[in-house]
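Below you'll find the structure, written out as structure tokens, and then a few comments.
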Amino acid sequence: DNFSSLGIYIIYSKGNFLYVNPKMAEIFGYSFGELISRQSLLQVVAEDKRKFVDERITNCLQGQGKNLYFTFPGQCKDGSRINVEIYGSRTKLYGKLVIIGALRRLNHLSG
């Protein structure tokens, strides 16, 4: 079932989490509680790509394109890196601009 492999998220400014499903945590090797306590999607982005991902999120929230779609190297709890693909769409939720979307693991990366 393809849908069961998707991490689902709702984020707002700076990639802060409003919601994640348990699969999102599992993708990065965290428990649900651990991932929520990380507070931001940027915390599971490989450090050298955080600025890139932050800019894409900010641009989407500020109206430079309604949708997100890109790949980035994720940083797992154990320090390993994985390649992930993220999709998202900007919308308003309770008066706040948010991005609702899905993320999936593509494959293992070395290092």
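The values are calculated or read from the model by the stated rules, or taken from the named source; none is laboratory data. Remember, predicted model here, so these are calculated numbers, not experimental data. All Cβ positions, even for glycine, are placed from backbone atoms using ideal geometry, and neighbour counts span all protein chains on display.
Values as computed for the structure displayed
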{"quantity": "Every pair of residues 6+ apart whose Cβ atoms lie under 9 Å, when the first sits in the stretch 62-75 and is exposed (fewer than 11 other Cβ atoms within 10 Å of the Cβ) while the second is aromatic (Phe, Trp, Tyr) and at pLDDT below 95", "calculated": "none"}
{"quantity": "Of residues in the stretch 15-47 being modelled with pLDDT of 95 or more, part of a loop (DSSP other than H, G, I, E, B) and touching a strand residue (DSSP E or B) at 6+ places or on another chain (Cβ under 7 Å), the one nearest to PHE72 (Cα to Cα)", "calculated": "ALA46"}
{"quantity": "Which listed residue, of ASN83, ASN59, is part of a helix (DSSP H, G or I), modelled with pLDDT of 95 or more and surrounded by fewer than 19 Cβ atoms within 10 Å (Cβ to Cβ)", "calculated": "ASN59"}
{"quantity": "Considering residues of the stretch 6-31 that are closer than 17 Å to GLU55 by Cα and not hydrophobic (A, V, I, L, M, F, W, C) only, the residue surrounded by the most Cβ atoms within 10 Å (Cβ to Cβ)", "calculated": "GLY15"}
